[in-house]
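Worksheet: one structure, shown below.
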Amino acid sequence: MPTRSRETPAWRLPTALIVLSLVPVVAGVSRLTKVATAELGEGNARFAASPVPIVLHIVGAVAFCVLGAFQFPQRIRRTHPRWHRLAGRALIPCGLIAALTGVWMTLYYPHPVGDGPLLLGFRLVFGTAMAVALTLGYLTVRRRDFRAHRAWMIRGYAIGQGAGTQVLTGLPWAIAFGQPDELTRALLLGASWVVNIAVAEWVIRRSPRPAARPVLG
């Protein structure tokens, strides 16, 4: 009697990652619309003098999170290797644009109310870490070190998904205790990146190592 495969359906992981991205994607599209129509309002007025970085950041981040959701399931990589390669060639530049513009905005845009030094430090550290991870992901795939490539891309994607996890860390606090103060907000947002990185490292370490190739005498 044939047994059912216990392999996780290929659609589950991309669906979960896209759902995680949903709130930041909707917020990003809304902000793009306001920038395009010059209806910035008080919360977005700081982008008026130099809108290009925020536009590049949102477009790069949305493409990175949505496209990246389909890169990790093994079944998709195995059955559609050409898709995986072509998508990867777009994924890394999009991620680098999102990371580097995020760092630029942290350094040069006026800081909104509630963004203290700790949160600004978190954004600089994790934005830089994301750019480094994606760069190493590119260099390792060029060396055909696919295991290291996958590990670095998982790390870079986990950091890039920080905005999605921030909804999960911040919303329950806001419901239970109201709007957080400056320090609490920084810690809640920082926790989202830490959680994502911890999950990424768990995924990387539980992945089976490739079988050793036999030595031919």
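The values are calculated or read from the model by the stated rules, or taken from the named source; none is laboratory data. Small disclaimer: the values here were computed from a predicted structure and weren't measured. Don't worry about glycine lacking a Cβ; one is built from the backbone with ideal geometry, like all the others, and counts go over all protein chains shown. In case anyone asks, the SASA skips ligands and DNA or RNA and just uses the protein heavy atoms, side chains included. Shrake-Rupley method; radii C 1.70, N 1.55, O 1.52, S 1.80 Å.
When the range 65-98 is examined, which residues are found to be β-branched (Val, Ile, Thr) and at pLDDT 85 or above? Let's see the steps before the verdict.
The initial filter retains those residues of the range 65-98 that are β-branched (Val, Ile, Thr), namely 66, 76, 79, 92, 97.
Of everything in the range 65-98, those that are β-branched (Val, Ile, Thr) and at pLDDT 85 or above turn out to be Val66, Ile92, Ile97.
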Please count how many residues of the range 116-146 are out of contact with any helix residue (DSSP H, G or I) (no Cβ under 8 Å at 6 or more places or on another chain) and touching a residue at least 24 places away in the same chain (Cβ under 8 Å). 0
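Could you list, in sequence order, all residues of the range 116-131 that are open to solvent by 20 Å² or more (accessible area, probe 1.4 Å) and not aliphatic (A, V, I, L, M)? Write out each step before concluding.
Residues of the range 116-131 open to solvent by 20 Å² or more (accessible area, probe 1.4 Å): 117-118, 120-126, 128-129.
Within the range 116-131, Pro117, Gly121, Phe122, Arg123, Phe126, Thr128 meet the criteria.
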Of the residues that sit in the range 74-98 and are of a type in the set (Val, Ile, Thr) and within 18 Å of Val62 (Cβ to Cβ), which one is most open to solvent (accessible area, probe 1.4 Å)? Ile97
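Listed here are the residues, each with its yes/no results for (1) among the small types (Gly, Ala, Ser); (2) over 20 Å from the mean Cα position of the chain (by Cα); (3) farther than 23 Å from Ile18 by Cβ; (4) part of a helix (DSSP H, G or I).
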residue	(1), (2), (3), (4)
Ala61	yes, no, no, yes
Val103	no, no, yes, yes
Val113	no, yes, yes, no
Thr135	no, no, yes, yes
Number of the condition not met by Leu171 [criteria: (1) out of contact with any helix residue (DSSP H, G or I) (no Cβ under 7 Å at 6 or more places or on another chain); (2) in a helix (DSSP H, G or I); (3) within 25 Å of Phe72 (Cβ to Cβ)]: (3)
Candidates Ala163, Ala198, filtered to the one that is open to solvent by 40 Å² or more (accessible area, probe 1.4 Å), within 21 Å of Phe122 (Cβ to Cβ) and either out of contact with any helix residue (DSSP H, G or I) (no Cβ under 6 Å at 6 or more places or on another chain) or not in a helix (DSSP H, G or I) (or both): Ala198
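Among the residues of the range 34-44, is there at least one that is under 28 Å from Val199 (Cβ atoms), touching a residue at least 12 places away in the same chain (Cβ under 8 Å) and assigned to a helix (DSSP H, G or I)? So that I can check it myself, show each step before the final result.
Kept after step one, since they are under 28 Å from Val199 (Cβ atoms), are these residues of the range 34-44: none.
So far as the range 34-44 goes, no, none of its residues is under 28 Å from Val199 (Cβ atoms), touching a residue at least 12 places away in the same chain (Cβ under 8 Å) and assigned to a helix (DSSP H, G or I).
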Residues that are within 25 Å of Ile159 (Cα to Cα), open to solvent by 50 Å² or more (accessible area, probe 1.4 Å), among the β-branched types (Val, Ile, Thr) and at pLDDT below 75: does the range 7-20 have at least one? yes
